[in-house]
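What follows draws every value from the coordinates through simple rules; no lab data is involved. This is a predicted model, so every value here is computed, not measured. Ideal geometry is used to build each Cβ from the backbone, glycine not excepted, and the neighbour counts take in all protein chains shown.
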Amino acid sequence: MDKHGPIADGWSRRTFLKGAGGTLAVATVAPGEATAMASEVAQEAVARTQIRVIVNGTTHRVEVEDRWTLVELLRDHLHLTGTKIGCDRGECGACTVLLDGRAVYACSQLAPWVDGTEITTVEGLEEGGRLSPLQQAFVDGNGPQCGFCTSGQLMSATAVLASNGAPTRAEIQQGMTGNLCRCSNYNALVEAVEAVAGTAAGDAAADDGGSGISTLATVGPPTARVDAVERVTGRATYSGDVTLPGMVYGRVLRSPHPHARIRRIDVSRAEALPGVTAVITHERAPIVWGAGSVAGGRQYNDQVKEITTQRRHLFNNPVRFVGDPVAAVAAVDRHVAEEALGLIDVDYELLPFVLEPEAALEPDAPKVWPEGNLSPDVENRHEPMVTTLGDVDAGFAEADHVFEERYSTAFVHDAQMERRTCLAQWEGDKLTVWTPTQGISNCHRDIARSL
């Protein structure tokens, strides 16, 4: 039983997962291979085109839906998952492939457009079962870090070298400028291309780096990462690459309003859409969000989670920001799930809101929480969390000049491209979850607590 309240209509995390078909890929998972259930979805309204395309030297004749992108064709139907989906809107470069020798974003090319063309993906770079010189240079130069961008980086670099056998450093950088690296390993990537092109600056330093210290046998010599070959060949598996038989796909409907009360949600049209297996809302699943559901900035502390007074739910009512989840759909593929979101009718009562911290502190400001807009600390005290070092007043008094300015900061994410994905599978009483996280134990404990 959920310790934070009953589950309306008999819905719970367990019943949603099990009722949705046993295996659920939620939020931003790219669509996987077609399931048997997909054949039950009416196809009359979906335009299709027969195409012929050569991929990595192999000819494929495929009937594609006109709404598929090239990256969907490669990943979900030809099972070439080395090409990654990051932003899915032509900004990050993780999906870069060669189209008739030209580097393109596979997420920005519709599958029907590639009829009669030749595609090369990262899986096609190996030569006779051996790494290409560029792949080997990436391995030797520690090009792959987290590795999610590596496939796209390699394809752009391949295009650079194909068009210019001896590019300058500036030309390499220009040719790869459309590929982001979350790990900021740009220098190593460019140096790997220079090494293959033979344009790297000569290293005049002695073998010992000028330190006078003899090279050791074990400590000190360059060593390739143990998973580098997997990453440069596209064989490394990420959470979004995992597919299971019978899996269904989740999509989330989010609030378009910064502050609103949900008066009514009608999901009947979404539930009637062929291929939809489940729809949940705040009325059906008043579930506390297990991770990050506390104030005070210590969401990984179990003791704080137990006492916090400000609990966020899976679906909040009222919604408190643009993008706050309102409902979720499970369906046989991502297209059906996304179509179903458009069939959910939500009646919002718009509420006043403010956008600046100072305005939120005014006595008559709209309240985010019933008790006000101040975030409590880890002991539920509505007081500032202050760190003091030295005598500030004395420092001001002794200063020749005192400058006052207003500074604002926000959370900054370092362009990570691997998507927030989750694949969950029930087998009897055992739940297996695939998700990209650095907090494995926290996910394990939070899921166990919530279930």
Cα centroid separation - the range 309-369 against the range 376-416, whole Å: 30 Å
Sequence-separation-based contact order of the chain, relative, with Cα cut under 8 Å and 6+ spacing, percent: 21 percent
Taking each full run of DSSP H in the chain as one helix, which ones are at least 18 Å long along their axis (Cα atoms) and have mean Kyte-Doolittle hydropathy of at least -0.5? 150-163
Under the rule of -39500 (n - 2.57) per DSSP H run of 4 or more residues, summed and divided by the residues of the chain, what mean residue ellipticity at 222 nm is obtained, to the nearest 500 deg cm²/dmol? -5500 deg cm²/dmol
So which chymotrypsin sites (Phe, Trp or Tyr not before Pro) in the range 338-439 pass both tests, a DSSP loop state and at most 11 other Cβ atoms within 10 Å of the Cβ? Phe403, Tyr407, Phe411
Distance from the Cα centre of the range 146-182 to that of the range 222-256, in angstrom? 22 Å
From the backbone phi of the range 110-125, what are the Karplus-calculated ³J(HN,Hα) couplings (6.51 cos²θ - 1.76 cosθ + 1.60, θ = phi - 60°) in whole Hz, Gly and Pro given as x? 6, 4, x, 5, 8, 4, x, 9, 10, 10, 10, 10, 4, 5, x, 7
Amide H contacts under 5 Å for Ala327, restricted to residues at least 5 apart in sequence or on another chain and with H modeled in the peptide plane, are Leu253
